[in-house]
Structure formats: C-alpha cells, structure tokens
Amino acid sequence: MERVLSGAQPTGLIHLGNYVGALRQYVQLQHEADCYFCVVNLHALTLPRDPQELKEKTLDVAALYLAIGLDPKKATIFVQSHVPAHTEAAWLLQCIARVGELSRMVQFKEKSKGSAESAGVGLFTYPVLQAADILLYQANKVPVGEDQKQHLELTRDLAERFNRDYGEVFTIPEPLIPKIGARIMALDEPTKKMSKSAESKWNNISIMDDPKLIEKKIKRAVTDSENQVRFDPENKPGISNLLTIYSTLSGISISELEKKYDGVGYGQFKKDLIEVTIEFLRPIQERFHELRHSGYVEEVLKEGAERAGKVANQTLSKMREAMGIIQI
Ligand code: TYM
C-alpha cells in the first residue's frame, strides 16, 4: 500500500487555493493509501506569530481537516510538534543539506523579501524540516500544490544523498500535483498565487468566509473586458482562475462550463459561481462549528500523535544508527 504524507501551516484559515491544490486530494487519497496529514505548527514559527493565535489556528486547521471529510479511522491526523522526531530528524538532515541548495529556494527568497542578512535562520532551514516531515514516514506520495515542487525536489535530493552516504534508509518521495488547480491565483491579482499571508482581504476566499463576504469577493474578482467565458490562463488569467474554481467545486468540466456560458457574459457566470461556492462551503462550515469546541479534535490529535510517533520513531532510529548516534 502506498504511503502518503502532507501538511498545511496554521498561519491563517485554509483558503480555496489550499483546498483545490492540496486538501481535496487528501480526502480522495485516504481511501486508497496509508495517509498521514499534519498541521505543521513548527513551520509557522518561521515568521513572527502571536502565540495565542497560533494555538487557536493549529486547532482550527485540524478541525478543518475533519470538516472537509478526513476520517481519523482512515487517515492519521496529527500536529507536527506532537511528534518530536520531526525536529531531531530535521537536525540530522541539516547536517547533510548545503547552504547553496537552500539559498536557491524560491519561497525563502520571497519570504525573506530578498534580504537574507535579516531573515530568520528557521526560514532558511524551513525546507529541511519539511523534508524530515516527509522522509520520517517513508512516504512515496506527497499531495501538494505547485508552489511546493521545489521543496519536494530538495527532499528527494536529501534522501538520495543520505541513502548514498549512510546506506538505504529513505523511500524517495514523489509529489502529487493535481492537473487542474495546482496553482489557484489571487482573486484581486490573478497573475499572483492565492495566499494566506496576502495583505489584501480580496486576495483569497477562506473556507470559513460567510456568504456575504464570498459574494463581495467574487464580485470584486478581477477579470478582463472581453466578457467572454473562455479558459485561457495566459491572456485571461482572472476568468480562467474562476473557471478552475467553479469546475473543481461543482464537478462540471471546464469545457462544459465554457459551453454553458457561451454568449452569457461575466455577470451571470459570477452570480452562479457565488452560489456554487456558498453551497459547497456551507456543510464544511457547519461541521467545523460542530467539531471545533467539542473536545473531539483534541482526541483525534492525541491518537494521531501516537500513531504517527510510532512510524516516525522507527525511521528516526534508523537514521541515528546510520549516522553513528548511539542509542541506549
Ligand atoms: P501551505 O500551508 O502554504 O499550503 C498548504 C497546501 O496548499 C497548497 N497551496 C496551493 N495550491 C494551489 N494554489 C494555491 N494558491 C496554493 N497555496 C497553497 C500548498 O502547495 C500546500 O500543498 N511547506 C508547506 C507545508 C508543509 C508540507 C510538509 C507539505 C510542511 N511540511 C510536508 C507537504 C509535506 C506549506 O507551506 O504549505
């Protein structure tokens, strides 16, 4: 059986980009593979955070995992920091990672705003902790959006280097990047990706947005002046992005949607997309509210940490052994 691991940062509420690019795949995969999904709260520390807010958001993201349909009987759901093996494995991998390869990470360049001198060391070594998350579980498949492709390549490089220098310990993982929706763009600036950390609230639709806000955000979404619903990401990034969202939330293919809105114009298209989005999110939001303060989320995470810890500790032990770290 295939082994799957993935995770999301609790740095804000999950948005439609996260859902379409990654979390939607988690839900499908839990039926076919041995799945581990974590809330990567240690990664969230790589930029300044309010401590109380970080605690709340960690539980929010875990509750959202359940609300979108992850079943703790099928998949192991846990918080990264509850399995201390992640940080130790990250240290061991840091000792084989190179400054040059980490300096080439696009996300580091973006998040450090080009100023490596004042950037946090954690931000720099971030992808090594991500590699530890993946390699500890011997995952062969990692469902992610396109923005994580480079981090996955680094993970593979580190695993191959470790196996070559210390003996075969790791499975070499492959990214699972969806064909449609791997890079959902910002609603207000469709040439940039949708992001949790965007300054403008018009950038994304959070899974928890209420109907009024969803309506406003979609109405304000940038399109073009052609008024023709056609999928053409290069020349029509705004409408193509909305088509992608519409298609994944409704299950109607993009070409069928093009036909449906042929000659109809953006007004009706947006009106229908508002409806589709609200109706898609309604049951998720209801379930989130039922679960979030019920005590169930904490229970799931406790059991998840135990299950994940067993698997992670086995690999960590092999890593120590291979590198000459004595164990008693
Ligand atoms: P994060 O928290 O930024 O995003 C979670 C997942 O959502 C995907 N994603 C997108 N997909 C499509 N369009 C977008 N606009 C968009 N924005 C985000 C991301 O690719 C991701 O799959 N470094 C990771 C977290 C991480 C991780 C891991 C992932 C830590 N350890 C191990 C996989 C395996 C991150 O910051 O994701």
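Values computed for the structure shown
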| read-out | value |
| --- | --- |
| Residue ID - nearest to the ligand (Cβ to nearest atom), chosen from residues in the stretch 23-40 that are polar (S, T, N, Q) and open to solvent by 20 Å² or more (accessible area, probe 1.4 Å) | 25 |
| Residue in the stretch 201-219 that is closer than 15 Å to residue 5 by Cα, open to solvent by 20 Å² or more (accessible area, probe 1.4 Å) and of a type in the set (D, E, K, R) present | no |
| Matching residues, the stretch 1-22, being part of a helix (DSSP H, G or I) and either near the ligand (Cβ under 7 Å from one of its atoms) or touching a Cys at 6+ places or on another chain (Cβ under 9 Å) (or both) | 17, 18, 20, 21, 22 |
| Criterion (assigned to a loop (DSSP other than H, G, I, E, B) and under 17 Å from residue 15 (Cβ atoms)) met by exactly one of 209, 232 | 209 |
| Residue count, the stretch 277-312 (criterion: among the hydroxyl-bearing types (Ser, Thr, Tyr) and either open to solvent by 100 Å² or more (accessible area, probe 1.4 Å) or not in a loop (DSSP other than H, G, I, E, B) (or both)) | 2 |
| Set 123, 129: member being of a type outside the set (Asp, Glu), modelled with pLDDT of 95 or more and open to solvent by less than 20 Å² (accessible area, probe 1.4 Å) | 123 |
| Of all residues in the stretch 182-206 being part of a loop (DSSP other than H, G, I, E, B) and charged (D, E, K, R), the one that is nearest to the ligand (Cβ to nearest atom) | 183 |
| Sole exception among (1) surrounded by fewer than 19 Cβ atoms within 10 Å (Cβ to Cβ); (2) within 10 Å of the ligand (Cβ to nearest atom) for residue 144, by number | (1) |
| Any hit, the stretch 83-95, residues being charged (D, E, K, R), in contact (Cβ under 8 Å) with a residue 60 or more places away in the chain and farther than 28 Å from residue 245 by Cα | yes |
| Filter result for the condition that a residue is within 13 Å of the chain's Cα centre (by Cα) and more than 8 Å from the ligand (Cβ to nearest atom), over 176, 158 | 176 |
| Filter pass, residue 171 being open to solvent by 20 Å² or more (accessible area, probe 1.4 Å), of a type in the set (Val, Ile, Thr), more than 21 Å from residue 13 (Cβ to Cβ) and modelled with pLDDT of 95 or more | yes |
| The stretch 234-282: number of residues that are of a type in the set (Ser, Thr, Tyr) and within 11 Å of residue 223 (Cα to Cα) | 2 |
| Check on residue 250, open to solvent by 10 Å² or more (accessible area, probe 1.4 Å) and either closer than 23 Å to residue 25 by Cα or not assigned by the TED database to the domain that holds residue 65 (or both) | yes |
| Qualifying residues in the stretch 46-74 (those that are among the aliphatic types (A, V, I, L, M) and over 16 Å from the mean Cα position of the chain (by Cα)) - the one least open to solvent (accessible area, probe 1.4 Å) | 54 |
| Within the stretch 253-265, considering residues that are closer than 22 Å to residue 28 by Cβ and in contact with a Leu (Cβ under 9 Å, 6 or more places away or on another chain), the one surrounded by the fewest Cβ atoms within 10 Å (Cβ to Cβ) | 254 |
| Pairs where the first residue, in the stretch 99-122, is touching a residue at least 24 places away in the same chain (Cβ under 8 Å) and of a type in the set (Val, Ile, Thr) and the second is within 16 Å of the ligand (Cβ to nearest atom) and open to solvent by 20 Å² or more (accessible area, probe 1.4 Å), C-beta under 6 Å, 6+ apart | 106/150 |
| Odd one out for residue 221, checked against (1) away from the ligand (no atom under 16 Å from the Cβ); (2) not assigned by the TED database to the domain that holds residue 48 | (1) |
| Tally, over the stretch 75-100, of residues that are open to solvent by less than 70 Å² (accessible area, probe 1.4 Å) and either among the polar types (S, T, N, Q) or not in a loop (DSSP other than H, G, I, E, B) (or both) | 16 |
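The values are calculated or read from the model by the stated rules, or taken from the named source; none is laboratory data. This structure is a prediction, so every number in the text was calculated from the model and none was measured. Every residue, glycine as well, gets a Cβ built from its backbone with ideal geometry; the counts of neighbours run over all protein chains shown. SASA here: full protein model, heavy atoms, side chains in, ligands and nucleic acids out. Shrake-Rupley method; radii C 1.70, N 1.55, O 1.52, S 1.80 Å.
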